[in-house]
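One structure below.
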Amino acid sequence: MSSSYRNRIQEFKVSLSEQKLDMQALRQLCFSGIPCEGGIRSLCWKILLNYLPSDQAVWDSFLQKQRDLYAQFLREMIIQPGIAKANMGVSREDVTLEDHPLNPNPDSRWNTYFKDNEVLLQIDKDVRRLYPDMAFFQRPTEFPCQLILDPQNEYETLRRRVEQTTLKSQTVGRNRSGVTNVSSPGKALNLYPSNEYEVLPNGCEAHWEVVERILFIYAKLNPGIAYVQGMNEIVGPIYYTFATDPNSEWKEHAEADTFFCFTNLMSENRDNFIKSLDDSQCGITFKMESVFSKLKEKDTELYMRLQEQNIKPQYFTFRWLTLLLSQEFLLPDVIRIWDSLFSDQDRFEFIIPVCCAMLTLIRDQLLAGDFTTNMRLLQDYPISDVHAILIKAKELQEGL
């Protein structure tokens, strides 16, 4: 470790030791990259994402309150419905007209249960393949949720719900000729053929199962948006950062802390996931066009070249913007970009010059390439030096 890096760590420690944090100074420090040593990044993200207040005197009471609230969410949205499902229809006398599974009333418990299952299956499908190039999310967490795993709570877990629903949907299939095929139970049980995604034994939880629970609770609490594919890519780096904190006292509560930080981030970013807002000034279409407007202002030649080739911003910036570049770089590089993104007070304004910088840094290749070559470049971005991208983005933001 170089002396300059050690000095930088010391600067963070001094800044974070103040009773009342100087947010402007902390933001400036974080923008140039946050050290991961000593859990500094994990702590800074909690502050930058408006989870931890700037007054450290209230941290202990605040964290206790938030973590108790999350435990309450688990009870109300996973454990209690699971107990109710386990008890529903135990005998024929228990099935009333109101609680009958075929009751079309949208307010019936069964209808809510089936709708929740649709959301859960989509979340399950997405989180199982979260960052498949690294083993972290398939590994067991050191701190499985005791509330969920408590053997005294006899209820239908999310894991069981997925298994049951997938089993039912796979057992009876219909081929293209309309012939019904009922597969054998043994075959149906092979829900996920790859050993990499096998569920861990009882008493253990993989990190992806924790992420699944976070997203399910978020969807239940936010029915207007619920779950949209891609949210898993937003929550993944936050959870990874908190769940790898070297301080066990923080790591133990990675799930609850991730939930609230993700919720805060989505409160700023959720318009990108709401289709009805796409063409509004706060929607994704406006942001995509803003990237090209910035490019036109800074590099007219490159802008005209993309226009001539009919390369529209939605062909590539949709993914860049909605997923905060989480699909364009390796996880450590995504985390480094997010250090700067989170520390900028106008974080979702700053991503516009970041995207523009990514274009200008490959301008020679784009000017020389044809439509097919350029689309390949933009959909599989070739530069891995995120430091250079961020420096260029800051220059573009400041009008240099």
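Among residues of the range 281-302 that are free of Cβ contacts under 8 Å to residues at least 40 places away in the same chain, those with a Cβ under 7 angstrom from a residue that is open to solvent by 70 Å² or more (accessible area, probe 1.4 Å) and of a type outside the set (S, T, Y), sequence gap 6+ or separate chain, pair up as I284/F318; T285/D279; M288/Q314; M288/F318. The residues of the range 331-348 include none that are assigned to a loop (DSSP other than H, G, I, E, B) and at pLDDT 95 or above. Kindly indicate whether I337 is of a type in the set (V, I, T) and touching a helix residue (DSSP H, G or I) at 6+ places or on another chain (Cβ under 6 Å). So I337 passes the test.
For the range 122-166: of the residues being within 30 Å of D333 (Cα to Cα) and of a type in the set (K, R), which is farthest from the chain's Cα centre (by Cα)? Across the range 122-166, the extreme among qualifying residues is R139.
Restricting the search to the range 363-395, which residues are acidic (D, E) and either closer than 12 Å to I311 by Cα or in contact with a strand residue (DSSP E or B) (Cβ under 7 Å, 6 or more places away or on another chain) (or both)? Answer for the range 363-395, where residues must be acidic (D, E) and either closer than 12 Å to I311 by Cα or in contact with a strand residue (DSSP E or B) (Cβ under 7 Å, 6 or more places away or on another chain) (or both): just D370. Yes or no: I383 open to solvent by 10 Å² or more (accessible area, probe 1.4 Å), in a loop (DSSP other than H, G, I, E, B) and over 20 Å from I34 (Cβ atoms)? Yes. Scan the range 293-304 and tell me whether some residue there is open to solvent by less than 40 Å² (accessible area, probe 1.4 Å), of a type in the set (G, A, S) and within 26 Å of L265 (Cβ to Cβ). No, the range 293-304 has no match at all. Against the list (1) surrounded by 23 or more Cβ atoms within 10 Å (Cβ to Cβ); (2) modelled with pLDDT of 95 or more, the condition I351 fails is (2).
Selection over the range 134-143 of residues that are of a type in the set (D, E) and either free of Cβ contacts under 8 Å to residues at least 12 places away in the same chain or farther than 21 Å from F242 by Cα (or both) gives a count of 0. Hey, among V95, V90, which residue is under 23 Å from R160 (Cα atoms), at pLDDT below 65, open to solvent by 40 Å² or more (accessible area, probe 1.4 Å) and in contact with a Gly (Cβ under 6 Å, 6 or more places away or on another chain)? On inspection, the qualifying residue turns out to be V95. Listed here are the helices (runs of 4 or more DSSP H) enclosed by the range 204-271 that have at least 1 residues being of a type in the set (A, V, I, L, M) and either modelled with pLDDT of 95 or more or open to solvent by less than 10 Å² (accessible area, probe 1.4 Å) (or both): 207-221, 231-243, 254-269.
Filtering the range 19-42 to residues that are of a type outside the set (G, A, S), part of a loop (DSSP other than H, G, I, E, B) and either under 14 Å from L52 (Cα atoms) or open to solvent by less than 20 Å² (accessible area, probe 1.4 Å) (or both) leaves Q19, L21, D22, I34, P35.
The values are calculated or read from the model by the stated rules, or taken from the named source; none is laboratory data. All figures in this text were calculated on a predicted structure; none of them were measured in a lab. FYI the Cβ positions are ideal-geometry reconstructions off the backbone, even for glycines, and counts take in every protein chain you see. Ligands, DNA and RNA are stripped out before the accessible areas are found, and what is left, the full protein with its side chains, is counted by its heavy atoms. Shrake-Rupley method; radii C 1.70, N 1.55, O 1.52, S 1.80 Å.
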